[in-house]
């Protein structure tokens, strides 16, 4: 009896040890680089290198460009996702696939594509030149690149959030005299809000880290198109501490975003809206 | 008056119906799931457009496919009570009710919503969030919300099915009050014939998208047009007036004559329900030797075989149904016009105030 129990304990013991070891390796591998950013240089050193005006400029530009890009993504992505989630029409699956395509396109390829489409000699280059809108080597170009890479993160999540809504809620709203637009604004959006916030945070996180498409399409001009990731790349060979300081700021912002998403999806107030 | 005609293919179902509901009348659409009951409500509300059809409410034409008229749902003044009530989780109880008050000045909406909730005894929960409400409370908010727009027609989709049996009786009583007070045509969907008989003035039995029989519940029970209708009308509902006896039993004097004893509790206007298979039939000249407290002299109105059973329509003089084996029906020589005694135990009855 007791021998049997011992044997019973030993076998899952070895397996469990293996599981714990695997988790340890995964956690160590994933957190070590992030921890190292804060450990490699002291907090004082990090703070003083943030005094560098060009570093602050890059952070400020990153903040502005990502905020505008997120605004564009939400403004166009929300109604588009609503349409895709609630209507069936020929080509709907194709439309969803097209929306998701930027997820798998390498960022450098996205940059090349944007140049080919919107660059001075691109498909729409002439039309853009006539309107006087310049994108290449301009902050506007940064925003275009960020919007391109970040939008699928938001639209996918919004599509899922709208798809999970009980269709009877919208029908109830319609029978109570609300137009389609009012039903969307007063019922669909508030009840899908946790999903929309999560999607917005993911899109913002992706835009904040954007590098390849921005570099290829808009270049890396300090103060105009040089966002924080590009500034990190520029200084990592000769000013490693400066690169570390910017990295620390980005890691902190990203961690806060992730925390925000977790809180939004578990929050009692917003979470209950999905019940 | 609400008149609805529709012809439409919905999935594999072929809908083909014509219905008329009078002012202040409640017509129940009864039938098994998949018969197209909810589809008809959706056509009336404008949530679904049939291939061909006409919906007229009072003087207003809501839908006429021949003339190219199809009002959107928000332009038809209906009070729709959804199966799970579909309350808005992002709004509290009174805001759910006020949502339908588009034409009311903003300042008056709260007061009007509170007054409606009060009618269903819910004003104390006016500020409660929807997820914190119980099933019965949600139903009452749902009913109050359906009235908020001063509807010209009420559409109720299985209004009691989301409730547990205990809250059902109470909810049914409130529903009857609502239907009586609203004084508008009402269409009520249910798969439960007893519920239809209790709540509605007339019942339309629906099978595979078509109305197979339409009439008063008692007429359907007394003379089912088909085995399908006989099977559906299986439950027995007898209307009467209840009063409590000293021995703890309830005595219900049936409308039109006869008395039923029940172990249930009720007083005043009451519906007695019994399962058809709990009713035994005996020859008209027989001695009471069993334990059954209830013995009603009856006349057989219909004999309908349903599968391996026989449904016997009875008049006592209120119509109801007993379910027997073919062997027993043959031995008793049951045919329309024959006399018999229907017996059932007081413990087999349930009482629903109405």
Exclusive hit being part of a helix (DSSP H, G or I) and without any contact (Cβ under 8 Å) to a residue 60 or more places away in the chain, set A:95, A:108, A:150: A:95
Residues (surrounded by fewer than 20 Cβ atoms within 10 Å (Cβ to Cβ) and part of a helix (DSSP H, G or I)) located in region A:157-170: A:160, A:163, A:167, A:168, A:169
Condition met for residue A:195 (away from chain B (no Cβ under 11 Å), in contact with a helix residue (DSSP H, G or I) (Cβ under 6 Å, 6 or more places away or on another chain), over 16 Å from residue A:80 (Cα atoms) and part of a helix (DSSP H, G or I)): no
Tally of residues being closer than 28 Å to residue B:171 by Cα and either more than 8 Å from chain A (Cβ to nearest Cβ) or buried (at least 20 other Cβ atoms within 10 Å of the Cβ) (or both) across region B:92-107: 10
Some residue of region B:216-227 being surrounded by fewer than 19 Cβ atoms within 10 Å (Cβ to Cβ), modelled with pLDDT of 85 or more and either out of contact with any strand residue (DSSP E or B) (no Cβ under 9 Å at 6 or more places or on another chain) or under 29 Å from residue B:307 (Cβ atoms) (or both): yes
Qualifying position, being within 12 Å of chain B (Cβ to nearest Cβ) and crowded, with 20+ Cβ neighbours inside 10 Å, among A:173, A:179: A:173
Residue in region B:47-67 that is within 14 Å of chain A (Cβ to nearest Cβ), touching a residue at least 12 places away in the same chain (Cβ under 8 Å) and more than 28 Å from the chain's Cα centre (by Cα) present: no
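Residue-wise test of (1) part of a helix (DSSP H, G or I); (2) surrounded by 21 or more Cβ atoms within 10 Å (Cβ to Cβ); (3) in contact with a strand residue (DSSP E or B) (Cβ under 9 Å, 6 or more places away or on another chain).
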{"position": "A:187", "(1), (2), (3)": "yes, yes, no"}
{"position": "A:201", "(1), (2), (3)": "yes, yes, no"}
{"position": "A:214", "(1), (2), (3)": "yes, yes, no"}
{"position": "A:238", "(1), (2), (3)": "no, no, no"}
{"position": "A:243", "(1), (2), (3)": "yes, yes, no"}
{"position": "A:247", "(1), (2), (3)": "yes, yes, no"}
{"position": "A:256", "(1), (2), (3)": "yes, no, no"}
{"position": "A:261", "(1), (2), (3)": "yes, no, no"}
Of residues in region B:329-354 being in contact with a strand residue (DSSP E or B) (Cβ under 8 Å, 6 or more places away or on another chain) and surrounded by fewer than 16 Cβ atoms within 10 Å (Cβ to Cβ), the one farthest from residue B:306 (Cα to Cα): B:339
Count of region B:13-46 residues which are assigned to a strand (DSSP E or B) and without any contact (Cβ under 8 Å) to a residue 24 or more places away in the chain: 1
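Kindly provide the set of residues from region B:124-143 that are under 21 Å from residue B:44 (Cβ atoms) and either away from chain A (no Cβ under 12 Å) or not in a helix (DSSP H, G or I) (or both), ordered by number.
Once the filter is applied, which keeps residues that are under 21 Å from residue B:44 (Cβ atoms) and either away from chain A (no Cβ under 12 Å) or not in a helix (DSSP H, G or I) (or both), region B:124-143 yields B:139, B:143.
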Test result for residue A:127, modelled with pLDDT under 95, farther than 23 Å from residue A:255 by Cβ and either more than 26 Å from the chain's Cα centre (by Cα) or within 13 Å of chain B (Cβ to nearest Cβ) (or both): yes
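Looking at A:134, A:100 in this structure, which one is in contact with a helix residue (DSSP H, G or I) (Cβ under 9 Å, 6 or more places away or on another chain) and assigned to a helix (DSSP H, G or I)? If you could, list the steps in order and put the result at the bottom.
Details: A:134 fails: assigned to a helix (DSSP H, G or I).
On inspection, the qualifying residue turns out to be A:100.
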Residue within region A:156-169 that is in contact (Cβ under 8 Å) with a residue 40 or more places away in the chain and within 12 Å of the chain's Cα centre (by Cα) present: yes
Residue satisfying all of: in region B:172-193; within 14 Å of residue B:271 (Cβ to Cβ) and surrounded by fewer than 22 Cβ atoms within 10 Å (Cβ to Cβ); farthest from the chain's Cα centre (by Cα) among these: B:173
Residues (assigned to a loop (DSSP other than H, G, I, E, B) and in contact (Cβ under 8 Å) with a residue 24 or more places away in the chain) located in region B:308-348: B:316, B:317, B:318, B:332, B:334, B:335, B:336, B:337, B:338, B:345
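Would you mind stating whether residue B:17 is touching a strand residue (DSSP E or B) at 6+ places or on another chain (Cβ under 7 Å) and more than 14 Å from every other protein chain (Cβ to nearest Cβ)?
Spelling it out, residue B:17 is indeed touching a strand residue (DSSP E or B) at 6+ places or on another chain (Cβ under 7 Å) and more than 14 Å from every other protein chain (Cβ to nearest Cβ).
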Some residue of region B:75-86 being within 13 Å of another protein chain (Cβ to nearest Cβ), more than 26 Å from the chain's Cα centre (by Cα) and closer than 22 Å to residue B:145 by Cα: yes
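The values are calculated or read from the model by the stated rules, or taken from the named source; none is laboratory data. Since this is a predicted model, take the numbers as computed values, not measurements. Cβ: placed from backbone, ideal geometry, glycine included. Neighbour counts: every protein chain shown.
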